[in-house]
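The structure appears below as structure tokens.
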Amino acid sequence: MSEARMPRGRLKWLCRRGMKEHDVLFERFLALEYDQLPEAGQDAFIRLAEMDDPEVNAIFLGRMPAPDEQIRAIVDRMVQLRG
């Protein structure tokens, strides 16, 4: 997704979550991976970032399936980057 479609500042704001653990995952992914994603991957990351915290937490914990395969791939990569 281009800067024109989602300004970087807004995207950083979306990465601020209600849980510190999620802040770290989202911010690290944004810094290390986001710019290399194809547009569809960037769109998936934004859709994930726009989800409510309880849903995001349930996806990360495996209590709820990701809404689609692109978001699942983003979540998997975010977990991998956790280290």
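Some notes on this structure:
- Extreme residue, modelled with the highest pLDDT, among residues of segment 50-83 that are surrounded by fewer than 11 Cβ atoms within 10 Å (Cβ to Cβ) and among the small types (Gly, Ala, Ser): 62
- Within segment 22-34, residues that are without any contact (Cβ under 8 Å) to a residue 24 or more places away in the chain and surrounded by 17 or more Cβ atoms within 10 Å (Cβ to Cβ) have Cβ atoms under 7 Å from residues that are part of a helix (DSSP H, G or I) and among the β-branched types (Val, Ile, Thr) in no pair, counting only partners at least 6 apart in sequence or on another chain.
The values are calculated or read from the model by the stated rules, or taken from the named source; none is laboratory data. None of the values given here were measured: they were computed from a predicted structure. Positions of Cβ are generated from backbone atoms using ideal geometry, with glycine treated the same way; all protein chains shown enter the neighbour counts.
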